[in-house]
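To start, the structure itself, in structure tokens.
The values are calculated or read from the model by the stated rules, or taken from the named source; none is laboratory data. The structure displayed is predicted, hence computed values, not measured ones. No Cβ is skipped: glycine too gets one built from the backbone with ideal geometry, and neighbour counts run over all protein chains shown. Keep in mind that these areas ignore ligands, DNA and RNA; they rest on the heavy atoms of the full protein, side chains included. Shrake-Rupley method; radii C 1.70, N 1.55, O 1.52, S 1.80 Å.
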Amino acid sequence: MTEQLRELEARALAGVASAATPEEVEAIRVDVLGRKGRLAAISREMGKVPPEERGLIGKLLNQAKTSIEAAIAGREDAFEQEKLARRLDAEWLDLTLPPPGVRPGSLHPLTRIQREIEDLFVSLGFTVLDGPEVESEYNNFDALNIPPDHPARDMQDTFWLENGMLLRTHTSPVQVRGMQTLPLPLRMIAPGRVFRNEEVDASHEHTFYQLEGMMVDREVSVAHLIYFMKTLLAGIFKRDVTVRLRPGYFPFVEPGFELDIQCLICGGSGCPVCKQSGWVELLPCGLVHPNVLRLGGIDPGEWSGFAFGLGLTRLVMMRYGIDDIRQLQGGDLRFLRQF
Amino acid sequence: MKFSYNWLCELAGVRALDAAAMGRLITVHTAECEGVEPWGAHFAEVRAARVVSVEPMAGHHRKAVIDTGSGTRTVVCGAPNCREGIVSAWVPPGTALGSRHIETADVGGVTSEGMLASGAELGISRDHAGIVEIEAAPGEPIPGCRPDSIIEIDNKSLTHRPDLWGHHGMAREVAALAGGQLQEPADTGRIPSGAPLVRVRIEDYALCPRYSALVFENVTVGPSPLWLQARLESLGLNPINNIVDVTNYVMAELAQPMHAFDAAKLAGGTIFVRPARDGETCAALNGETYTLNPSNLVIADGSGAVAIAGVIGGMESSITGATTRIVLESANFHAAGIRKTSSRLKLRTDASMRFEKSQDPANTVRALARAIALLEQVSPGIRLAGGLADDARPAAEPIVLELPLEWLGRKLGATVEPERVRAILEALRFEVSSIGEGVLRVTVPSWRATKDITIKDDLVEEVGRMIGYSSITPTPPRVATAPPRVNERRGFHHAVRQAVAAQGFNEVYNYSFVSEQEMARFGRNPGDHLAVTNPIAAGQGHLRISLLPGLHRNIVENAKHAVSFRLFEIGYEIHKGAEVRETPHMAAAIYAKDSGEQSLFELKRLALGLMPGSETSPCEARAHEHPARVAEVRWKGSVVGRLFELHPRLVEAGRAAVLDLDLAVVESLREETRKYKPVRRFPASEFDLSVVADARDLSATIEARIREHGGSHLENIEFLRVFTGPPLPEGCKSLSYRLTMAASGHTLSGPELTGIREKLLEGLRAAGYELRA
């Protein structure tokens, strides 16, 4: 009987191990461990076993049952694992495929530059102001110390409107609004769209973007202006720049300057970008003319300031190497999708 | 404005400063130099040569043997005036003549060693008719012609400097910068005394502060000597005849425009300076006849206008070969008046450009003195007749400014020694004296006093630019630390841009102009728009009152090479009225070649993202809108924009859905009003409901009915689907919703739910809807 038990156990274990399907394992379980199975049959014959052997046989019987049960559980688990592995494998995905749905959109390069520069100025304590695109002649010219029939008006070809107003030729009129509304001392910028009555070609536009900046405080000097411009330009170009001021005439500042930066392409040794001069004209600036302060309701005896204008369109073209200004307002997706 | 380097060197008494260095010096300290170009480099090679003999050749060419001073040469010449005995200009082989390279060449079997040149070929006149004839010994350089450089200065940077519109003014700057001894070309001692032979009557001194004139007789009119032609030509001025050339030369030298009249053609002995009569005409030197009005000032004789003051002379009284007696005008005119006339007549001349800048009245007589000396050179035998005619209002008092040195230092942010300040100002011919501790008394010279320098701040610029701004040490400003005022509107627009771009839209910037064709397409008239009085082109004559025409153009253009895309713009509509209103709008469009439904709902999703809880309600379609696919967008009870499909008439292939929002209204409603409600603690129950309705009944209406009859426990209505077709009758649809019911204090019981449901169904049936199981 011992022999019979050992043999049964060995056969069952071998059968479980070699079973190819869960059904085969189940058949073995029923055949060996079932209520009418072989182990049950053996245990029913325990009565015929001499009492002195019963203990040993009983023990062997239990051992056989436990080991077969464990083998079956193990095998079933293995089948489960395999099944899961097969399912997961069948769920393979090509993640190099593009996602369904729309492509990401884009912000216009002018938006990008404006936001970047606005953030820079806000970090320097400047307020961002807006002004209207349709301006009065007074704000655009007179309040900026450019009286009627002043030849400086020729410097800015103007679009005039039927109601006697005009399309602002620069963002400088927002200076006037800033002086009237902000408390002193003041620091402000005004980015925006401006208009000049000019023929359009690859480098000229009748509609472009500028940024006007102004700081008014108790004591503002040329030395402060130069320092500030260097700081600002280092922020914009993300590197130190060498600047040079030379005389420039703008009626709303005195003294007035053209600020040049040392050419970032050649470093000042001369190249086609800087027309071999080593310098690139970047922005007009100056100390605010006392007349402008006065017209803005500020006492020039008590306060002084500097102002500057930054060509955002030009900056965008420099930043991205755009060689045709017409692209910016052309609405062509093949251009827009590059940003 | 072009400057001759040679001339500046002569006037500034400067040597040892090359042209490029002079250009840089002017750029950094005075005005922007746009370039320095060599002029007449060939004059280093070209020599005088005498024609020894001439032999005819085939055609109109001739073979000439010439004495070059260093041996004889043979040249082939086609000029009709090439004849034995004349001295002309020989261009030796190997010389560059502009873009031409002159070499030894075979011409019709004759070896031509270089060429004899005309004035035009040498670049010193416009004479193509024959070779130049000069007085010089063979081998000598061409008299009055030597290599020069032309320094081009940006006119804009001279806007405020009337004095820099002549070489002498620029030479004053150069002398001050380079330490030269400025030369004075005019000798006012030459002005004759005695009674003038012409009278001058100025009607309004405000328009003409001064009019000076001299009469000359025994005048010979002819070509100017080569040196004079060469100088004018090098500056881009057209040589005409000796008399006119002198007036232009003085203008180029002293910035004083002049005009010469043929005295025989002037009626009466008086020159009137007066406003034009209405409709008065003047036939000008350029061949045009101008019709004038009283806003234009004229120079008139007894019979009418003979010149448009400060702009252009008249043809009738111009200098001709027959002229023997001239009246030479040197006047000063009101800058704004000249500018107005010049822009009204669309006629900008060398004279008007200068007068616009507010010329110095003190300069008129000085220019006449200079002209006397020059006319004697170019018109031998010329004689002054009578004394100076000079009508002027009293000269303006000199401008005297007090310059506190400590204040100057604070403005510059740099200390400049008092002696240095004084030296700088004196080099620029300001008169400087010291008054008290640290204050200078500065008298402004007349040529800087017309407009340029009026306040002490103007002197900051004089000192600053002369010491050079690069000598000022950058200093950090000391400013109050305060958070800047936040621009909410701008921040909002940027946030919208970011959100819309994140949904796959590409941002465009369109122009603010709209064409009549575009507005017509959108059902608008020109009268609705603010008109530009001087548009740059047809089609840009009005300001946009909608972003849609621009966006429509983008759609049509891009549809040519893209199958589907999304675009948006944030920009201002400009509305006319007593007050112009600029309204920020956001217009977004989806273009696709499909049935168009999905695009509209994508845009609705965009609207819901920007404005949670916003609604779309039916409305009357406009001309450009698909009549059955349009809705008003409402948020918190206000109309904020429109959602529609563009009328298929406007889009050839494919469909374009548009969302147009008034960002000003959206921003005003943006204030956060939501309040937290405690999260419910008891479970909710759901049941589905299908409502049969007419095909065009609105889902929003049905939802409103459900809400009306759903009782206070109705928490949420979720739309599931719409169904049409059998077994539903034609013209009907079924809308299915899942309703969520919950109470805040307990779990709803079965009977409670049944009650709610019964009440709801009853209400809907009463409202005329059928319900589907």
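When the charge dipole of chain A is built from unit charges on Cβ atoms (+1 for Lys and Arg, -1 for Asp and Glu) and taken about the Cα centre, the candidate among A:Thr207, A:Val30, A:Pro151 whose Cα reaches farthest toward its positive end is A:Val30.
Once both labels are positioned 7 Å from their Cα atoms along Cα-to-Cβ, the gap between B:Arg674 and B:Ala623 label points is 4.2 nm.
Could you please report the charge total around B:Glu615, scoring K, R as +1 and D, E as -1 over all other residues with beta-carbon less than 15 angstrom from its beta-carbon? Walk me through the numbers on the way to the answer.
On the way: positive: B:Lys604, B:Arg605, B:Arg634, B:Lys636, B:Arg642, B:Arg707; negative: B:Glu632, B:Glu703.
Counting the neighbours of B:Glu615, the net charge comes to +4.
Let me make sure I get this right: for segment B:576-701, a, b and c are the square roots of the gyration tensor eigenvalues over alpha carbons, sorted descending. Under 1.5 in a/c it's rounded, otherwise prolate if a/b > b/c, else oblate. Which is it? It comes out oblate by the Cα gyration axes. Among DSSP beta bridges lying fully in chain B, give the percent that are antiparallel, nearest 5. Antiparallel bridges make up about 95 percent of those DSSP assigns within chain B. Summing +1 for each Lys or Arg and -1 for each Asp or Glu, what net charge is found among the other residues whose Cβ lies under 15 Å from the Cβ of B:Arg485? For residues surrounding B:Arg485, the net value is +1. The largest accessible area among A:Asp89, B:Asp694 belongs to the first residue in A:Asp89, B:Asp694, and the rest follow in falling order (1.4 Å probe, all chains).
Toward the positive end of the charge dipole of the protein assembly as shown, with +1 on the Cβ of Lys and Arg and -1 on the Cβ of Asp and Glu, the farthest Cα among A:Leu88, A:Ala20, B:Thr473 is that of A:Ala20. Full extension of the chain segment joining B:Ala267 with B:Phe601 gains 111.8 nm, where the gain is 0.36 nm per residue of separation less the Cα-Cα distance.
So, R0 is 30 Å and r is the distance between the beta-carbons of B:Phe719 and B:Thr747; what FRET efficiency does that work out to, to 0.05? Computed FRET efficiency for B:Phe719 and B:Thr747: 0.70.
The alpha carbon gyration tensor of segment A:109-336 gives principal lengths a ≥ b ≥ c with a/c of 1.5 or higher and a/b no greater than b/c, which makes the shape oblate.
A cysteine counts as unpartnered when no other cysteine's C-beta lies under 4.7 Å of its own; in the protein assembly as shown this applies to A:Cys285, B:Cys9, B:Cys33, B:Cys145, B:Cys208, B:Cys282, B:Cys619, B:Cys732. Rounded to 0.05, the FRET efficiency of the A:Arg218 and B:Ala396 pair, given R0 = 35 Å and the Cβ-Cβ distance, is 0.50. For segment B:69-125, the dipole from Cβ point charges (+1 on Lys and Arg, -1 on Asp and Glu) about the Cα centre works out to 100 debye, to the nearest 20. Extending 7 Å from the Cα toward the beta-carbon at both B:Leu771 and B:Ser736 defines two label points whose distance is 1.6 nm. Taken about its Cα centre, segment A:2-90 carries a charge dipole of roughly 300 debye when the Cβ of each Lys and Arg holds +1 and the Cβ of each Asp and Glu holds -1. Taking every residue in A:331-339 and counting other chain Cβ atoms within 10 Å of its Cβ, the average works out to 6. Within segment B:124-143, what residues put their amide N at less than 19 Å from the label point 7 Å along the Cα-to-Cβ vector of B:Glu37? The answer is B:124-127, whose backbone nitrogens lie closer than 19 Å to the label point. Between B:Ser295 and A:Arg326, the simple spin-label model (points 7 angstrom out along Cα→Cβ) gives 3.5 nm. Once the mean of 1/r is taken over each pair of separate Cα atoms and inverted, the protein assembly as shown shows a Kirkwood hydrodynamic radius of 37.7 Å.
Over 24 Å between Cα atoms, which of A:Lys36/A:Lys65; B:Lys357/B:Lys456; A:Lys275/B:Lys411 qualify? If you can, show how the numbers build up before the last one.
On the way: A:Lys36/A:Lys65 14 Å; B:Lys357/B:Lys456 21 Å; A:Lys275/B:Lys411 33 Å.
Pairs exceeding the cut-off: A:Lys275/B:Lys411.
Near the amide H of A:Val241, within less than 5 Å, lie the amide hydrogens of A:Ala234, all on another chain or at least 5 residues away, with H placed in the peptide plane. The heavy atoms of A:Arg112 offer some 90 square angstrom of accessible surface to a 1.4 angstrom probe. In segment B:566-662, taking the dipole from charged Cβ atoms about the Cα centre, the farthest positive-side position among B:Leu661, B:Ala589, B:Ser599 is held by B:Ser599.
Can you tell me the length gained on complete extension of the stretch B:Ala495 to B:Leu347, counting 0.36 nm per residue apart and subtracting the Cα distance?
Working: separation 148, 0.36 × 148 = 53.28 nm, distance 5.04 nm.
Length gained between B:Ala495 and B:Leu347: 48.2 nm.
Ligands, DNA and RNA excluded, the heavy atoms of A:Trp160 present near 70 Å² of accessible surface to a 1.4 Å solvent probe.
The heavy atoms of B:Ser118 offer some 10 square angstrom of accessible surface to a 1.4 angstrom probe. Around the Cα centre of segment A:109-336, unit charges on the Cβ atoms of Lys, Arg, Asp and Glu (plus for the first two, minus for the last two) sum to a dipole of about 800 debye. Global size of segment A:2-90: 15.7, 59 Å for Rg and Dmax (C-alpha atoms, Rg to one decimal, Dmax whole).
If each residue of separation counts as 0.36 nm, what is the full-extension length gain between B:Asp528 and B:Val479 once their alpha-carbon separation is subtracted? If you can, show how the numbers build up before the last one.
Details: separation 49, 0.36 × 49 = 17.64 nm, distance 4.83 nm.
So the extension gain works out to 12.8 nm.
Quick one: order A:Thr2, B:Thr291, B:Thr323 from most to least accessible surface, probe 1.4 Å.
Values: A:Thr2 40, B:Thr291 85, B:Thr323 0 Å².
Reading off the accessible areas and sorting them downward yields B:Thr291, A:Thr2, B:Thr323.
Top mean-square fluctuation among A:Thr231, A:Thr96, A:Thr21, Gaussian network model of chain A, C-alpha springs under 10 Å? Between A:Thr231, A:Thr96, A:Thr21, it is A:Thr21 that shows the largest mean-square fluctuation. Ranking B:Ser379, B:Ser53, B:Ser303, B:Ser564 by solvent-accessible area of protein heavy atoms (1.4 Å probe, all protein chains present), from largest to smallest, gives B:Ser303, B:Ser564, B:Ser53, B:Ser379. Counting Cβ atoms of other protein chains within 10 Å of each residue's Cβ and taking the mean over peptide B:406-419 gives 2.
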